[in-house]
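Read through the structure below, which is laid out as structure tokens, and then see the notes.
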Amino acid sequence: MRVDPKQLYRHLAPVKIRQFLSAVRRNEMSFERLSQIICNQTSILYKGTTIPLFYHEYNCGGGPERTTERSVEMALALMWLRKTSGPVVEVGAVTPYYLTSENSLSRKISRIIDPADPHRSVTDRSSLFDIDFSGANVLSISTIEHIGTGDYGVEERERSSPEALTKLMRESATFLLTMPIGYNPVLDRHLATALIRPDVQLTIVWRGTKFNNWKVTTNRRAIEKIKYGLASANGVVVLEK
């Protein structure tokens, strides 16, 4: 990884700059290792609460130096599951790949709706358009962006992702919905411009293209500036009610 030393100055107090750069000059530390020390991030500050990032061998990246967006999404999902009362309906089979059936939070999930995923935990192999979510607590992690794209052999019209999002927000009693930025341009435009109800909180968790420096903003103008990475997202839109 090529590192621009000037990018590192923003992250360090002046005293630490001198200490670390002195070590680099003595060849005791490389700039690459310095960037890892500075930008190893183990938590995010979300709505005033420090939440540990989630690490797992499946689709979470290589560790603190550079993770996938799943480390953020699962961290937020666990937080939301802990505070949610009553059974949860999951749209898109994601948590079964990270939580065992014996996990107390996993047991809160009473239904998993996914028309394509083969995991045995899926209870409804149906389109979400065929499900009534009235009064439900709904969790959906990186699923809505696939709707309308033909992914996984599921064919639905182009506008399906915004329509799916609208349906979930309209019918659910509570929800946590996460969607990567840059994967589905139709959904990105909708998230950047659609009217969001006052009882729904929209948050963007994003990072730069080199480091694992996740940051949080509520400014939707950030959506158009965040680019999808080579294999994972550099930003996630989080909708919560």
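The values are calculated or read from the model by the stated rules, or taken from the named source; none is laboratory data. Since the structure is predicted, the reported quantities are computational estimates derived from the model, not experimental observations. With ideal geometry, Cβ positions are generated from the backbone for all residues, glycine too; neighbour counts draw on all protein chains shown.
In region 111-136, the residues that are within 11 Å of K167 (Cβ to Cβ) reach residues that are assigned to a loop (DSSP other than H, G, I, E, B) with C-beta atoms within less than 6 angstrom, at least six apart or across chains, in these pairs: S127/P115; F133/S172.
Looking only at residues of region 191-211 that are under 14 Å from K47 (Cβ atoms) and touching a helix residue (DSSP H, G or I) at 6+ places or on another chain (Cβ under 6 Å), we find that the one that is surrounded by the most Cβ atoms within 10 Å (Cβ to Cβ) is V205. Of the numbered criteria (1) at pLDDT 95 or above; (2) more than 30 Å from K225 (Cα to Cα); (3) of a type in the set (S, T, N, Q); (4) surrounded by 15 or more Cβ atoms within 10 Å (Cβ to Cβ), the one S127 fails is (1).
Considering region 31-46, the residues that are out of contact with any Asp or Glu (no Cβ under 9 Å at 6 or more places or on another chain) and in a loop (DSSP other than H, G, I, E, B) include one that is modelled with the highest pLDDT, namely T42. If we scan region 217-225, do we find a residue that is in a loop (DSSP other than H, G, I, E, B) and either among the aromatic types (F, W, Y) or not assigned by TED's automatic domain parsing to the domain that holds A75 (or both)? Taking every residue of region 217-225 in turn, none turns out to be in a loop (DSSP other than H, G, I, E, B) and either among the aromatic types (F, W, Y) or not assigned by TED's automatic domain parsing to the domain that holds A75 (or both).
Tell me whether region 104-116 contains one or more residues that are in the same structural domain as G86 (by TED's automatic domain parsing) and more than 24 Å from A75 (Cβ to Cβ). Yes - at least one qualifying residue is present in region 104-116. So which residues in region 212-232 are in contact with an Asp or Glu (Cβ under 8 Å, 6 or more places away or on another chain) and either of a type in the set (K, R) or exposed (fewer than 15 other Cβ atoms within 10 Å of the Cβ) (or both)? Once the filter is applied, which keeps residues that are in contact with an Asp or Glu (Cβ under 8 Å, 6 or more places away or on another chain) and either of a type in the set (K, R) or exposed (fewer than 15 other Cβ atoms within 10 Å of the Cβ) (or both), region 212-232 yields only E224.
Among the candidates V186, V205, single out the residue that is among the aliphatic types (A, V, I, L, M) and assigned to a strand (DSSP E or B).
Details: V186 fails: assigned to a strand (DSSP E or B).
Just a single option satisfies the conditions, and that option is V205.
Just name the residue that is farthest from D114 (Cα to Cα) out of those in region 170-185 that are within 18 Å of the chain's Cα centre (by Cα) and hydrophobic (A, V, I, L, M, F, W, C). Looking at the filtered set, the residue picked out is I181. For region 147-181, filtering for residues that are part of a helix (DSSP H, G or I) and out of contact with any Ser or Thr (no Cβ under 8 Å at 6 or more places or on another chain) leaves 12. If you filter region 132-146 down to residues that are assigned to a strand (DSSP E or B) and hydrophobic (A, V, I, L, M, F, W, C), you find that the one that is farthest from N59 (Cα to Cα) is V138. Which residues, counting only those in region 106-119, are of a type in the set (D, E, K, R), at pLDDT 95 or above and either buried (at least 18 other Cβ atoms within 10 Å of the Cβ) or in a loop (DSSP other than H, G, I, E, B) (or both)? Answer for region 106-119, where residues must be of a type in the set (D, E, K, R), at pLDDT 95 or above and either buried (at least 18 other Cβ atoms within 10 Å of the Cβ) or in a loop (DSSP other than H, G, I, E, B) (or both): K108, D114.
Just to be sure before I move on: is L195 assigned to a strand (DSSP E or B) and within 27 Å of A222 (Cα to Cα) in the structure I sent? Give the derivation first.
Details: assigned to a strand (DSSP E or B): no; within 27 Å of A222 (Cα to Cα): yes.
Criteria not met by L195.
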